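A.B. asks: First the structure, which I've put down as structure tokens, then a few questions once you've had a look.
Nothing in this text is a laboratory measurement; each read-out follows from the coordinates by a stated rule. Remember, it's a predicted structure, so these values are computed and weren't measured experimentally. All Cβ positions, glycine included, derive from the backbone under ideal geometry; neighbour counts span all protein chains shown.
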Amino acid sequence: MRKHIVAGNWKMNMTFSEADDLLNDLMEKLEKEELPRDVQVIVCPPFPYLEMASDYANDSYFAVGAQNVSDQEKGAYTGEVSAAMLESCELDYCIVGHSERRGYYHETNALVAAKVDRLLMHNIRPIVCVGEVLAERESGQQLDVVRKQVEEGLFHLTAEQMKNIIIAYEPVWAIGTGKTATTEQAQEMHAHIRSLLTAKYGKELADEISILYGGSCKPTNAKELFACPDVDGGLIGGASLKADDFMGIIKAFI
Ligand code: PEP
């Protein structure tokens, strides 16, 4: 059966000492809980704190991921970080195609596909974000928009490669706005994504892929969102910056 996953995306937040405190706090809280074996917690801090996070993770119950990666293998790409570097730091996950990268840095589905390939080449599991903006939902295009993102970002993969993908549905209008998708909206989109996966790769594989919800997920709404049959956990932004809140969301699975 597919994994339940709660992943924290810290974005561009925290100083070194704040990051240290948060990781320490989180580790202490996780140690007190008996996490079910099918629940994976992932922390995605900014690049400078990945090593510190990995040190904490070694003694604890969470894995570490990056928030971005270059589509290029190596060379003269000032400021970029490669999948080979992330692999050499023993990272397991990396977020790709977050709406902030698609929006502010003009990342296309083709670039997302190239980054996914690069990560898989280096044994890092991509957490691939998809989701519609408000105008697209208001004009009823959300299913088509997400279908295109899934097809163009992922459907070049073989079934064997696809098994390593985690998908995060993040309606852009819900990110950082305090406005959460209803359980009906989330379930409808997650079932849509799974049906696309089923049509392309078959039911057995589609049933193994974790599809996370992201967008103003909090301790107060996590349980009902995660209870939807096709919602397998969350990608958490703001609420992952406080150990109590992040833990409150993880507890939806305990
Ligand atoms: C995100 O950016 O991935 C996210 C889900 O943010 P927030 O939880 O703050 O809405």
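A.B. asks: Applying the selection to the stretch 133-173, what residues are surrounded by fewer than 18 Cβ atoms within 10 Å (Cβ to Cβ), within 16 Å of the ligand (Cβ to nearest atom) and assigned to a helix (DSSP H, G or I)?
C.D. replies: Listed by number, the list holds a single entry, LEU134.
A.B. asks: How many of the residues making up the stretch 87-132 are in a loop (DSSP other than H, G, I, E, B) and of a type in the set (D, E, K, R)?
C.D. replies: Of the residues in the stretch 87-132, 4 are in a loop (DSSP other than H, G, I, E, B) and of a type in the set (D, E, K, R).
So that you can scan it fast, the table gives a plain yes or no per residue for (1) in contact with a strand residue (DSSP E or B) (Cβ under 8 Å, 6 or more places away or on another chain); (2) without any contact (Cβ under 8 Å) to a residue 12 or more places away in the chain; (3) aliphatic (A, V, I, L, M); (4) within 29 Å of ALA252 (Cα to Cα):
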| site | (1), (2), (3), (4) |
| --- | --- |
| ASN13 | no, no, no, yes |
| ALA19 | no, no, yes, yes |
| LEU23 | yes, no, yes, yes |
| VAL43 | yes, no, yes, yes |
| PRO48 | no, no, no, no |
| GLU51 | no, no, no, yes |
| TYR61 | yes, no, no, yes |
| TYR77 | no, yes, no, no |
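A.B. asks: Further, regarding this structure: For the stretch 235-247, give me the residue count where each residue is part of a helix (DSSP H, G or I), within 14 Å of the ligand (Cβ to nearest atom) and either in contact with a Ser or Thr (Cβ under 8 Å, 6 or more places away or on another chain) or hydrophobic (A, V, I, L, M, F, W, C) (or both).
C.D. replies: Kept after step one, since they are part of a helix (DSSP H, G or I), are these residues of the stretch 235-247: 238-241, 243-247.
Those still in the list that are within 14 Å of the ligand (Cβ to nearest atom) too: 238-241, 245-246.
Still in the list and also either in contact with a Ser or Thr (Cβ under 8 Å, 6 or more places away or on another chain) or hydrophobic (A, V, I, L, M, F, W, C) (or both): 238-239, 241, 246.
Matching residues across the stretch 235-247 total 4.
A.B. asks: Give the number of residues within the stretch 174-197 that are assigned to a loop (DSSP other than H, G, I, E, B) and either in contact with a Leu (Cβ under 6 Å, 6 or more places away or on another chain) or among the hydroxyl-bearing types (Ser, Thr, Tyr) (or both). So that I can check it myself, show each step before the final result.
C.D. replies: We begin by selecting, within the stretch 174-197, every residue assigned to a loop (DSSP other than H, G, I, E, B); these are 175-182.
Add one more test, that the residue is either in contact with a Leu (Cβ under 6 Å, 6 or more places away or on another chain) or among the hydroxyl-bearing types (Ser, Thr, Tyr) (or both), and what stays is 177, 180, 182.
Residues flagged as assigned to a loop (DSSP other than H, G, I, E, B) and either in contact with a Leu (Cβ under 6 Å, 6 or more places away or on another chain) or among the hydroxyl-bearing types (Ser, Thr, Tyr) (or both) within the stretch 174-197 amount to 3.
A.B. asks: With surrounded by fewer than 17 Cβ atoms within 10 Å (Cβ to Cβ), within 17 Å of the chain's Cα centre (by Cα), within 30 Å of LEU23 (Cβ to Cβ) and touching a residue at least 40 places away in the same chain (Cβ under 8 Å) as the only criterion, which of GLY237, GLY214, GLY176 stands out? Walk me through how you get there before you give the answer.
C.D. replies: Working: GLY237 fails: surrounded by fewer than 17 Cβ atoms within 10 Å (Cβ to Cβ); GLY214 fails: surrounded by fewer than 17 Cβ atoms within 10 Å (Cβ to Cβ).
When all the criteria are applied, what remains is GLY176.
A.B. asks: From the list ALA76, ALA84, which residue is assigned to a helix (DSSP H, G or I), more than 23 Å from GLY238 (Cα to Cα) and more than 16 Å from the ligand (Cβ to nearest atom)? Spell out how you get there, then give the answer.
C.D. replies: Values: ALA76 fails: assigned to a helix (DSSP H, G or I).
ALA84 is the lone residue from the list that is assigned to a helix (DSSP H, G or I), more than 23 Å from GLY238 (Cα to Cα) and more than 16 Å from the ligand (Cβ to nearest atom).
A.B. asks: Can you name the residue in the stretch 43-86 that is over 24 Å from GLU170 (Cα atoms) and charged (D, E, K, R) and, of all such residues, is surrounded by the fewest Cβ atoms within 10 Å (Cβ to Cβ)?
C.D. replies: Going through the qualifying residues, I end up with ASP59.
A.B. asks: Now for a separate question. What single numbered condition from (1) basic (Lys, Arg); (2) within 15 Å of the ligand (Cβ to nearest atom); (3) assigned to a helix (DSSP H, G or I) fails to hold for LYS200?
C.D. replies: That leaves (2) as the condition not met.
A.B. asks: In addition: Filtering the stretch 217-234 down to residues that are in a loop (DSSP other than H, G, I, E, B) and over 14 Å from the mean Cα position of the chain (by Cα), which residue is nearest to the ligand (Cβ to nearest atom)? Break it down stepwise before answering.
C.D. replies: Here is the first cut: in the stretch 217-234, the ones in a loop (DSSP other than H, G, I, E, B) are 217-221, 227-232.
If we keep only those that are over 14 Å from the mean Cα position of the chain (by Cα) as well, we get 218-221, 227-230.
On the way: LYS218: 8, PRO219: 12, THR220: 13, ASN221: 11, ALA227: 18, CYS228: 16, PRO229: 21, ASP230: 18 Å.
So, considering only residues that are in a loop (DSSP other than H, G, I, E, B) and over 14 Å from the mean Cα position of the chain (by Cα), the one nearest to the ligand (Cβ to nearest atom) is LYS218.
A.B. asks: Continuing with this model, one more query. State which residue pairs qualify: first residue surrounded by fewer than 18 Cβ atoms within 10 Å (Cβ to Cβ) and inside the stretch 87-102, second residue outside any strand (DSSP E or B) in any location, beta carbons under 7 Å apart, and separation of 6 or more residues or different chains.
C.D. replies: Taking only residues 6 or more apart or on different chains, the pairs are GLU87/HIS122; GLU87/ASN123; GLU87/ILE124; CYS89/LEU50; CYS89/GLU51; CYS89/SER54; GLU90/SER54; ASP92/ILE124.
A.B. asks: Here's something else I'd like to know. Looking at (1) closer than 20 Å to GLY215 by Cα; (2) in contact with a helix residue (DSSP H, G or I) (Cβ under 9 Å, 6 or more places away or on another chain); (3) more than 16 Å from the ligand (Cβ to nearest atom), can you tell me which one GLN40 breaks?
C.D. replies: (2)
A.B. asks: Within the stretch 203-216, which residues are in contact with a His (Cβ under 8 Å, 6 or more places away or on another chain) and more than 12 Å from the ligand (Cβ to nearest atom)?
C.D. replies: Taking the stretch 203-216 first, the residues in contact with a His (Cβ under 8 Å, 6 or more places away or on another chain) are 210-211, 213.
Listed by number, the residues that qualify are SER210, ILE211.
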